[in-house]
């Protein structure tokens, strides 16, 4: 790690420390192992922060890679070092749980471009001794997956039993299927798509503009200048958060209920519960996430267009695959509606791949994949059980 | 108008001038005619800016009131004084057009709380000689309609032939039906609802937070301090604009097409056409709209809940009405989906009101009511023609 003297504000030191020396395992890749980015540059040196749970078996055949979503991280099954909250998929992973850490070796790494210990815009650029900021190269979903494959090499694992993820994590699963079909036995892309829609790009652009409109953003140099674009990032999170839920879920949870009062105050206070809830989502997010990482990761999702890498023919991305797929969507997910999952299934069918597909009826919206959704658990349990038997795992 | 010395920035003087001495007809209401607001205060003096087109007949029976939407104004059928663009509903209104100014006397007034000449937060508070800013009282849809009724009195019109509006304009139509049923012969609420949903309140709250996060907003005192929260208001507009379109319309118009280039730039430039389009929507909006008015008018929509004024029974809002209704929704409108219009129709049916209902198949989303939508025109032409005959208009 470069020795640097930084101007700091509250949180700035902590942010850079978590980027450089995270509360995680770290794989370092030196000058001999650059990450060859789609943008045409080599990122070197770089590091990937990751967590593991359970034990790799002797045959090295029981590893499951979990890919996290836009604002997730590697702390999938342990207390988060910054927030003190449980892992983001504790409901799914653990001893005796669906992804059983008594049976599987579970790996989750922070994506490149992230802010929890994998190299990203809040990491120190060794050439300047300052955080990269906007001089960090733009990364893609394929770059993230390339880095994950290097991590898997580093761990001495040839073939993953499964790659699992929702939302941006699901995009990574699909990219794994295209880039490294021989290195994954089973794939579980949930609530995702092979390309980001115009509406989704539009929502991301609103979020980026909100961050960049905050004068504390300082052209991306806020870590150097000791500021923090908290209000802009909070607005970005609020806008995005609406898209993670459904109209029905918001109606069920909040309706038009007033917050701690019986009638309108005729003011701009958070009169309605839904306003108060959104403000909380915004303000808590900025405590744990880096604004520039938010720009980079939304950009990576915008750029994702798997078919475009195969002359516009999605089926060619999966040609000859032997991987077993289980594709899952949710009826009330309007960010990645079922039609997107059907397109994945059709492309897999075109290549006679092994694929099962489930559209789960729920009013919980896109975030259903993170929640207690019994039908999702039942489907995943069945799929992983069958794949596990086929793979010869006990 | 109070004589005031203001610190000014580019646009500030013009903004206050348009609020006080607009390019419009103005009805002044003095101390004897206060506007009694739902917030429990009297607004006095106040003024309403309005435009008229066509000629009031001798019987004073051919007047149509057009109610504008959130970011609309009274310039429905003439060149806009600030933007130089055609009236926002030129496609619908004019000599020989659907709402024929050779037959009807068309009135459109700026809503109270607006920024184009009706009293609002950018008007001068006579008590201080400064723009009201956030000391302006919070107004409601009912307050807007109350002010319109006073304008109609001022014009010597007892009963309107029709009240017509989409979106927030449709909310005003519904409020007219509840507040002044005997003063309107026909009502055309388009793409609206009797209450704002939790999701819609959430989107409005994001917009307000974006405005208030802009340090140039200065706690709402930007007109006094000579600043302008342009970036915050632009972000608010961008977020809202997505909700006015449909996913399908965005896909058809933009898809994932790049802007003036063939491939990704791996940067945060507006790579995609949809980003460039949104940025333009944001930056052009701030040239013509006042940030505080945006706060007040979104708040008015949030507070709208017609049934709540009638013990939660929507049908009671329309009890005994003799008005003829034509309710219109659009299949791809996810801001005010058809289910909201059906609720209006059911409430009207419960009281045996005369009501026709059309759900128009279109992929253009909420903004379809402003666009060239032949089926909408055909339905409105039929409804207004029949109502016109029933009213005994030639």
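The values are calculated or read from the model by the stated rules, or taken from the named source; none is laboratory data. It should be emphasised that the depicted structure is a prediction, and the values quoted were computed from it without experimental measurement. When we count neighbours, we look across all protein chains shown, and the Cβ atoms used for this are built from the backbone with ideal geometry, even at glycine.
Counting only helices (runs of 4 or more DSSP H) wholly contained in region A:238-323, the ones carrying 2 or more residues that are in contact with a helix residue (DSSP H, G or I) (Cβ under 8 Å, 6 or more places away or on another chain) and either touching a residue at least 40 places away in the same chain (Cβ under 8 Å) or more than 9 Å from every other protein chain (Cβ to nearest Cβ) (or both) occupy A:273-288, A:291-303, A:314-317.
Just give me the residues in region A:332-356 being more than 14 Å from chain B (Cβ to nearest Cβ) and more than 19 Å from residue A:387 (Cα to Cα), in sequence order.
First, pick out the residues of region A:332-356 that are more than 14 Å from chain B (Cβ to nearest Cβ): A:341-342, A:344-356.
Result: A:341, A:342, A:344, A:346, A:347, A:350, A:351.
Meeting the requirement of 3 or more residues that are in contact with a helix residue (DSSP H, G or I) (Cβ under 8 Å, 6 or more places away or on another chain), surrounded by 22 or more Cβ atoms within 10 Å (Cβ to Cβ) and at pLDDT 95 or above, the helices (runs of 4 or more DSSP H) wholly within region B:158-231 are B:168-179, B:198-213. Just one of A:336, A:369 is in contact with a strand residue (DSSP E or B) (Cβ under 8 Å, 6 or more places away or on another chain), assigned by TED's automatic domain parsing to the domain that holds residue A:91, buried (at least 23 other Cβ atoms within 10 Å of the Cβ) and within 26 Å of residue A:138 (Cα to Cα); which is it? Exactly one residue qualifies, and that residue is A:336. If I filter region B:354-364 for residues that are assigned to a helix (DSSP H, G or I), surrounded by 21 or more Cβ atoms within 10 Å (Cβ to Cβ) and touching a strand residue (DSSP E or B) at 6+ places or on another chain (Cβ under 9 Å), do I get at least one hit? For region B:354-364, residues assigned to a helix (DSSP H, G or I), surrounded by 21 or more Cβ atoms within 10 Å (Cβ to Cβ) and touching a strand residue (DSSP E or B) at 6+ places or on another chain (Cβ under 9 Å): absent. Within region A:275-305, being over 15 Å from residue A:240 (Cβ atoms) and over 18 Å from the mean Cα position of the chain (by Cα) holds for A:275, A:276.
Could you run through region A:324-338 and say how many residues are more than 19 Å from the chain's Cα centre (by Cα) and closer than 29 Å to residue A:183 by Cβ? Step through it out loud before you land on a result.
Let us first name the residues in region A:324-338 that are more than 19 Å from the chain's Cα centre (by Cα), namely A:324-325, A:331-332, A:338.
After this cut, where a residue has to be closer than 29 Å to residue A:183 by Cβ as well, the list is A:324-325, A:338.
Result for region A:324-338: 3.
Selection over region A:27-61 of residues that are under 22 Å from residue A:97 (Cα atoms) and surrounded by 16 or more Cβ atoms within 10 Å (Cβ to Cβ) gives a count of 7. Does any residue of region B:115-136 turn out to be modelled with pLDDT of 95 or more, within 30 Å of residue B:392 (Cα to Cα), in a loop (DSSP other than H, G, I, E, B) and assigned by TED's automatic domain parsing to the domain that holds residue B:17? Among the residues of region B:115-136, not one is modelled with pLDDT of 95 or more, within 30 Å of residue B:392 (Cα to Cα), in a loop (DSSP other than H, G, I, E, B) and assigned by TED's automatic domain parsing to the domain that holds residue B:17, which makes the answer no. Checking residue A:132 against (1) farther than 30 Å from residue A:374 by Cβ; (2) out of contact with any strand residue (DSSP E or B) (no Cβ under 7 Å at 6 or more places or on another chain), only one condition comes out false. Which one? (2) is the only condition that residue A:132 fails.
Scanning region B:220-231 for residues that are more than 11 Å from chain A (Cβ to nearest Cβ) and under 19 Å from residue B:138 (Cβ atoms) gives B:221, B:222, B:223.
Of A:174, A:223, A:250, A:245, all but one fail to be more than 28 Å from residue A:125 (Cα to Cα) and in contact with a strand residue (DSSP E or B) (Cβ under 6 Å, 6 or more places away or on another chain); the exception is A:174.
Under the condition of being more than 20 Å from residue B:210 (Cβ to Cβ) and in contact with a strand residue (DSSP E or B) (Cβ under 9 Å, 6 or more places away or on another chain), the residues counted in region A:256-288 number 7.
Report whether or not residue B:190 is closer than 30 Å to residue B:331 by Cβ and more than 13 Å from chain A (Cβ to nearest Cβ). Full working, then the answer.
Details: closer than 30 Å to residue B:331 by Cβ: yes; more than 13 Å from chain A (Cβ to nearest Cβ): yes.
Yes; evaluated as a whole, the condition is true for this residue.
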